[in-house]
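A short worksheet on the structure shown next.
The values are calculated or read from the model by the stated rules, or taken from the named source; none is laboratory data. Because the structure is a prediction, the values reported are computed rather than measured. Quick reminder, even Gly has a Cβ in these numbers, built from the backbone with ideal geometry, and neighbours come from all protein chains shown. When the accessible area is computed, the model is the full protein with side chains, heavy atoms only, and any ligands, DNA or RNA have been set aside. Shrake-Rupley method; radii C 1.70, N 1.55, O 1.52, S 1.80 Å.
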Amino acid sequence: MIQRIQSVYLLIIAILMVITLFMPLAVLQQGDALFRLDATGLSTMTDEPELIYPAWGLFALTAIIALIAAATIFLYKRRILQIRLCIFNGLLLLGFYGFFAYLVYTLKGDIAGVDISVRLALGFPLINLILDYLAIRNIGADEALVRSLDRLR
């Protein structure tokens with residue numbers, strides 16, 4: 001199960017998405033005020049952070065991506081289902097960026113004169129998209145190998 005390289009790819013996807021849940025995706029600055037945008041939403045960067053604009057949809061989407069990647073590892077006997085779940089996970093990763101862009105667009109409209117600087121965690125879903133593609137390729141190669149061995153029997 002874990003000997004297969006696609007299982008390692010899927011494990012890395014799950015780990016990076018869990019990290020994405022807790023790291024800031026962007027920092028917004030309006031004058032002297034600093035705001036942190038993470039998977040839970042927009043909060044102030046003070047001693048006692050206060051959630052100003054919740055984005056629980058982004059949190060749920062990130063958690064679902066991590067759960068699907070972790071669950072796909074254990075479906076190693078059903079390779080076609082693994083491929084389908086990886087494709088669905090890739091679409092969810094693209095949806096993550098779409099939802100993030102929507103949040104930033106909405107926040108720029110609500111908060112006047114805001115500067116946005118993105119953080120490292122925003123690149124993790126892009127890395128996951130590449131790893132997801134590699135997992136799909138390797139699962140497909142395994143399926144082709146099994147089918148070719150079935151023909152020899």
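Please compute the alpha carbon radius of gyration of the chain, then divide it by the globular-protein estimate 2.2 N^0.38 Å. Two decimals is fine. The chain yields a ratio of 1.27. Distant-in-sequence amide contacts of Ala26, defined by a placed amide H-H separation under 5 Å and a gap of 5 or more residues or a different chain, comprise Leu37, Arg119. Contact order, relative form, for the range 29-153: 24 percent (alpha carbon pairs under 8 Å, 6 or more residues apart, mean separation divided by residue count). Distance between the modelled labels on Met45 and Leu67, one decimal in nanometres: 3.2 nm (7 Å Cα→Cβ projection).
Grab the Cα-Cα distance for Met23 and Ser117, subtract it from 0.36 nm times how many residues apart they are, and report the gain in nm with one decimal.
32.5 nm
Using the 1.4 Å probe convention, the accessible area of the chain works out to 57 Å² per residue with neighbouring protein chains retained.
Taking amide H positions as modeled 1.01 Å from N, with prolines and chain starts lacking one, the residues under 5 Å from Ala55 and 5 or more places away or on another chain are Gly41, Leu42.
Residues in the range 112-139 near a label at Ile12, defined as backbone nitrogen under 12 Å from the 7 Å Cα→Cβ point? In the range 112-139, the label zone of Ile12 (backbone N under 12 Å from the point 7 Å along Cα→Cβ) covers 127-135.
Here the spin labels are modelled as points 7 Å beyond Cα on the Cα-Cβ line, and at Ala60 and Ile5 they lie 3.7 nm apart.
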